[in-house]
1. Among Val91, Val212, what's the order by accessible area (1.4 angstrom probe), most exposed first?
2. Heavy atoms only, 1.4 Å probe, whole protein assembly: order Tyr115, Tyr79, Tyr15 by accessible area, highest first.
3. Taking the Cα-to-Cβ direction at His120 and at Arg59 and moving 7 Å from each Cα, how far apart do the two end points lie in nm?
4. Going down the list Lys85/Lys206; Lys2/Lys206; Lys2/Lys200, which pairs span over 21 Å between their C-alpha atoms?
5. Along each of the three principal axes of the Cα atoms of the stretch 1-115, give the extent in whole Å, ordering the values from largest to smallest.
6. Express as a percent, rounded to the nearest 5, the fraction of DSSP beta bridges in the stretch 2-209 (both residues included) that run antiparallel.
7. Summarise the long-distance tail of P(r) for the stretch 137-249 by giving the % of C-alpha pairs beyond 20 Å.
8. Using the reciprocal of the averaged 1/r over all distinct C-alpha pairs, how large is the Kirkwood radius of the chain in Å?
Amino acid sequence: MKIRIFNSPHDAGIYVAALAEQIIESRRKPVLGLATGSTPIPFYEALVHLHQCGLDLSRVTTINLDEYIGLDSSHPQSYSWFMWKHLFSHVNIPKENIYLPNGVATDLEAECRRYDEIIHSHPIHLQILGIGVNGHIGFNEPDDTLLSGTHIVELRPETVMSNARFFNDIGEVPKRAITMGVQAILQADKIVLMAFGREKAKIIAKSVYGEVRTDVPASILNLHKDVTVVLDRDSAGELLDESGRLRTK
Ligand code: PGA
């Protein structure tokens with residue numbers, strides 16, 4: 001794993017957008033795997049800025065990691081809404097190239113299979129990931145097993161609690177979601193895991209320097225050959241020694 005530590009999420013976002021630009025410019029039909037949450041926002045801001053500076057996104061396909069079950073795309077807390085707000089409405093990615101799981105599908109199992117087919121026919125070149133305080137990637141929560149394909153997941157109490165900050169009341173936070181599985185994530189050519197803030201420092205240390213364990217889902221990224229971990233000084237806190245240098249594993 002490559003580790004890059006920035007002074008601010010803003011600087012980190014510019015770096016990740018530059019990585020995305022390399023992929024976009026070097027592929028005929030670039031496919032980006034995208035994430036939601038507060039962490040990737042500086043990346044989306046920087047990508048929108050690059051678009052305003054001339055970067056063409058008309059050949060890009062996007063595949064999002066997950067969606068809440070029960071929220072349709074017109075709900076302001078749905079991940080579809082989030083993506084339109086922070087990225088899609090500001091750039092020229094064709095609407096028909098944008099994929100998110102449908103959290104209000106009548107047959108959710110069929111929706112999972114539909115999504116796996118989409119991923120299968122659009123191999124992901126660059127996968128962007130955030131990380132939950134419990135180590136989840138997408139909504140692959142800590143468990144005895146990690147599932148390979150797209151699946152329905154019961155969100156862990158700590159995830160519901162953490163996501164409550166976006167809702168009026170914790171009772172409104174959906175308890176279930178559809179998420180891409182770990183196989184689709186690991187099949188991406190390149191993965192960028194982003195994390196900012198002190199509250200992510202412990203789980204970043206466990207994921208990056210610990211053993212590969214299903215109860216720390218992000219640790220599975222150690223099995224991938226091209227992962228860049230993009231941090232700020234706070235989230236990197238437990239990877240650094242007293243003199244502020246990166247500890248070795
Ligand atoms: P956050 O969420 O970016 O809002 O911290 C990350 C995640 O849960 O994957």
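The values are calculated or read from the model by the stated rules, or taken from the named source; none is laboratory data. What you are looking at is a predicted structure, and each value in this text was computed from that prediction instead of being measured. Here the Cβ positions follow ideal geometry from the backbone for every residue, glycine too, while neighbour counts run over all protein chains shown. In case anyone asks, the SASA skips ligands and DNA or RNA and just uses the protein heavy atoms, side chains included. Shrake-Rupley method; radii C 1.70, N 1.55, O 1.52, S 1.80 Å.
1. On the way: Val91 20, Val212 75 Å².
Result, largest first: Val212, Val91.
2. Numbers: Tyr115 0, Tyr79 25, Tyr15 55 Å².
From most exposed to least exposed: Tyr15, Tyr79, Tyr115.
3. 2.7 nm
4. Values: Lys85/Lys206 33 Å; Lys2/Lys206 15 Å; Lys2/Lys200 18 Å.
Exceeds cut-off: Lys85/Lys206.
5. Principal extents (largest minus smallest coordinate, Cα): 43, 31, 29 Å.
6. Working: 8 of 20 bridges.
Percent antiparallel among DSSP bridges in the stretch 2-209 is about 40.
7. When every Cα pair of the stretch 137-249 is considered, 48 percent fall beyond 20 Å.
8. Details: mean 1/r = 0.0550 Å⁻¹.
In the chain this quantity evaluates to 18.2 Å.
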